[in-house]
1. Across the range A:273-295, what is the number of residues that are touching a residue at least 40 places away in the same chain (Cβ under 8 Å), open to solvent by 20 Å² or more (accessible area, probe 1.4 Å) and in a loop (DSSP other than H, G, I, E, B)?
2. For residue A:54, which of the numbered conditions (1) closer than 28 Å to residue A:380 by Cβ; (2) in contact with an Asp or Glu (Cβ under 7 Å, 6 or more places away or on another chain); (3) open to solvent by less than 20 Å² (accessible area, probe 1.4 Å) fails to hold?
3. Looking at the range B:392-407, which of its residues are of a type outside the set (Val, Ile, Thr) and either farther than 15 Å from residue B:309 by Cα or buried (at least 18 other Cβ atoms within 10 Å of the Cβ) (or both)?
4. Of all residues in the range B:321-355, which are in contact (Cβ under 8 Å) with a residue 40 or more places away in the chain and within 10 Å of chain A (Cβ to nearest Cβ)?
5. Can you find a residue in the range A:172-195 that is closer than 28 Å to residue A:274 by Cβ, open to solvent by less than 10 Å² (accessible area, probe 1.4 Å) and assigned to a loop (DSSP other than H, G, I, E, B)?
6. For the range B:357-383, how many residues meet the condition of being open to solvent by 10 Å² or more (accessible area, probe 1.4 Å), facing chain A (nearest Cβ under 9 Å) and touching a residue at least 24 places away in the same chain (Cβ under 8 Å)?
7. Checking the conditions here, which among A:61, A:77 is within 14 Å of chain B (Cβ to nearest Cβ), in contact with a helix residue (DSSP H, G or I) (Cβ under 8 Å, 6 or more places away or on another chain), modelled with pLDDT of 95 or more and closer than 22 Å to residue A:259 by Cα?
8. Go through B:91, B:45 for me and flag whichever is in a helix (DSSP H, G or I), touching a residue at least 60 places away in the same chain (Cβ under 8 Å) and not aromatic (Phe, Trp, Tyr).
There are 2 protein chains.
Amino acid sequence: MRLNLAPEVATITGSAQGEQVFEFLAQDLLSKARCARLTTAHGVIDTPAFMPVGTQGSVKGVSPRELHALNAQIILGNTYHLFVRPGLDVIKHFGGLHKFMNWNGPILTDSGGYQIFSLAKLRKITENGVEFQNHIDGARALISPEIAMEIQAALGGDIVMALDECVPYPCEYDYAAQSAEMTTRWAKRCKGAQEVILSEVEGSRGTTSKLSQRDSSTALRSARNDTFARQLLFGIVQGGTFADLRKQSAQAIVELDFDGYAIGGVSVGEPEEEMMRAVESAEPFLPKDKPRYAMGLGTPPQLLQMIARGIDMFDCVLPTRLARNGTAFTDTGTLNLKNAEFARDKRPIEENCVCHACREFSRGYIRHLVKAEEILGLRLITLHNLHFYLELMNRARAEIERGTFDQFRKTFVADYKTRDAMMIE
Amino acid sequence: MRLNLAPEVATITGSAQGEQVFEFLAQDLLSKARCARLTTAHGVIDTPAFMPVGTQGSVKGVSPRELHALNAQIILGNTYHLFVRPGLDVIKHFGGLHKFMNWNGPILTDSGGYQIFSLAKLRKITENGVEFQNHIDGARALISPEIAMEIQAALGGDIVMALDECVPYPCEYDYAAQSAEMTTRWAKRCKGAQEVILSEVEGSRGTTSKLSQRDSSTALRSARNDTFARQLLFGIVQGGTFADLRKQSAQAIVELDFDGYAIGGVSVGEPEEEMMRAVESAEPFLPKDKPRYAMGLGTPPQLLQMIARGIDMFDCVLPTRLARNGTAFTDTGTLNLKNAEFARDKRPIEENCVCHACREFSRGYIRHLVKAEEILGLRLITLHNLHFYLELMNRARAEIERGTFDQFRKTFVADYKTRDAMMIE
């Protein structure tokens, strides 16, 4: 099963203490696709992995128990939303996000930056950080790299993200260049801030070791208490749609030595080819022995194309957001279940799908629920769509291990018809 | 366990074929409360029973699988809503309401009358029936007693209701009197219409027996196909808030010999004392060996008071509707989880409650979900509230069987504080 394991990336990576943080399992020979296993404080994540988005401490419409039944191995929490409501003091009071929402699997929290840029009012970006008024009650706040790390430490996610500026599309070259450089400076400050936080936790536990040498953060991770145990920090590559900026950003971020690397500033409205190019421009400069995460995308074919380009982790609101609009994913494209054609359709959303919705309900019934605005309708489509995305990752991993991923990807992409509904995003 | 079984009601009732449709188990000696078992085509219902309301072919926010987990033994479907959307032809196409919504337990369908009076536009009541324009697309339709029976036969509920006129509160004596008399005439037509439908089903099955003698409907029930098997027909007592009209209505409806008797026109805005009196005025004239159903109520104390007055079955939207407003039921009254006092509350909605919400989530987290308008919040409160209502019936049955119901009722009612939130209805 591991015949395709490429020797040059077969090394086991991890901390100075010999922890196997990112364990390589298989490398596709016809593409950059790979299988691995990422170990976090709350469990193991098989990659390529899809992370359902739990914006406000809940994956919309789905309970933690249902997420486990779907075999979701990790979910994403949005720092900005949680910071605004219920607020950090409340989540701290409950002992962190895991306990607050009763999800005992891994959580990745973003830095909050992206939502400040997309949702908050009167935002002002300076070298220091981002000042903004939140979109709920208009309260003013500042998130700096240091504050982003403190907030994420309090949330207690297993993977935390450096604060970055996500530039819009289109974006002038000069702005993208300056922004990417600032993102690098912010990334450095995030890393420094995490070490300070770690040392404070260490201090509060009665030890006094001073942080200085490389890998000290990993050493401290093991010493942290439950809430903060082994929080992995990912840096984010920016650079807009400019190949040379993507390269420079990747090199600069990698130089700072993170636990993993995200490619940000993609899926922000640019054409798909631009998005692919942005990833292709950065990827060669990311170390093969660390996880790579393409933020905020995408459609099922896009995920397979990204996997072929060496990406390991994804998050996307499409499966949950489109479900709320009555749109379901299938191997041959999306179905808008509001359409009259489904009113008398006794078939499940997708034949042979083993999700709860497909095993128990017809398209016709689900269409009725959606038309009647019954919550069960969006719940059932949400369960199906999340199952579809998670199962797509299962299939990708199996095909990579079998050495047949490239053919699988080509066939899937060819059979998948993108319909207008996909553009709702 | 059956020490309190009163000999005079210990007879086993049923059809001419010896079916045990309504089997008596216990009679409280200090009140009219009783325990029984009602057998329907899709299963047995232990009474006193609460029926969650599945207005549009879905108990709002809850899946059929969750209803089974809650040990709901019967649900209610609203004929008017289903008639308007998705429409009868669609539900027929799927083989009836059970198959359409994938609920294999008993269903009671109402006649549609109540919703025509409360929701439809331009309704016109004549001796023939009710003409109306529906509230969704304004299409005109007529529901007569005969049509109400045909629609309910097509829906395939286990218990169907006669068409009645539910008079508003307040209502003049003369109007209430004339209306109750028309409801009786409609009830007679409903019974006749059901026999015609049964004979048509019988005819379509290749037999030719003519319907004439009493109990023939029960004989035919056994001959019907799966969809229509043994549909029980309940008559409805009306009469507004007038004791003599309630008595006359009960006597006239009972004279027609139904499988069970509902008390309608209660919980329509009248003071609680009036509601109790309406039930007390009708109940003595209902046969003890048939189920009694008080329609569309009520609060937890009201249910226990009704049980003490000899009522066996209830349906009410309170547990699901209040849940969507953030209100949870407890033994000591309702909690509005939107209140700031719950923001840091680590306790479950109710201590010792074994529902999914209480076993896994805190008041503080559920409050956050409700405030953030996350669907999971109303789902969790809905599950708790339905569990509370269903468990209240379990407790009532156990107390009746133990001979301690009356003390249980008094203690519960005294401890239960009705707060403003209860008045949202």
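1. Qualifying residue count for the region: 4.
2. Failing condition for residue A:54: (2).
3. Here is the first cut: in the range B:392-407, the residues of a type outside the set (Val, Ile, Thr) are B:392-399, B:401-403, B:405-407.
Listed by number, the residues that qualify are B:392, B:393, B:394, B:395, B:396, B:397, B:398, B:399, B:401, B:402, B:403, B:405.
4. Once the filter is applied, which keeps residues that are in contact (Cβ under 8 Å) with a residue 40 or more places away in the chain and within 10 Å of chain A (Cβ to nearest Cβ), the range B:321-355 yields only B:324.
5. Checking the range A:172-195: not a single residue is closer than 28 Å to residue A:274 by Cβ, open to solvent by less than 10 Å² (accessible area, probe 1.4 Å) and assigned to a loop (DSSP other than H, G, I, E, B).
6. Number satisfying all stated conditions: 4.
7. Working: A:61 fails: closer than 22 Å to residue A:259 by Cα.
A:77 is the lone residue from the list that is within 14 Å of chain B (Cβ to nearest Cβ), in contact with a helix residue (DSSP H, G or I) (Cβ under 8 Å, 6 or more places away or on another chain), modelled with pLDDT of 95 or more and closer than 22 Å to residue A:259 by Cα.
8. On the way: B:45 fails: in a helix (DSSP H, G or I).
Going through B:91, B:45 in turn, the sole match is B:91.
The values are calculated or read from the model by the stated rules, or taken from the named source; none is laboratory data. This one's a predicted model, so the numbers in the text were calculated from it and none came from an experiment. Positions of Cβ are generated from backbone atoms using ideal geometry, with glycine treated the same way; all protein chains shown enter the neighbour counts. All accessible areas refer to the heavy atoms of the entire protein, side chains included, with ligands and DNA or RNA removed. Shrake-Rupley method; radii C 1.70, N 1.55, O 1.52, S 1.80 Å.
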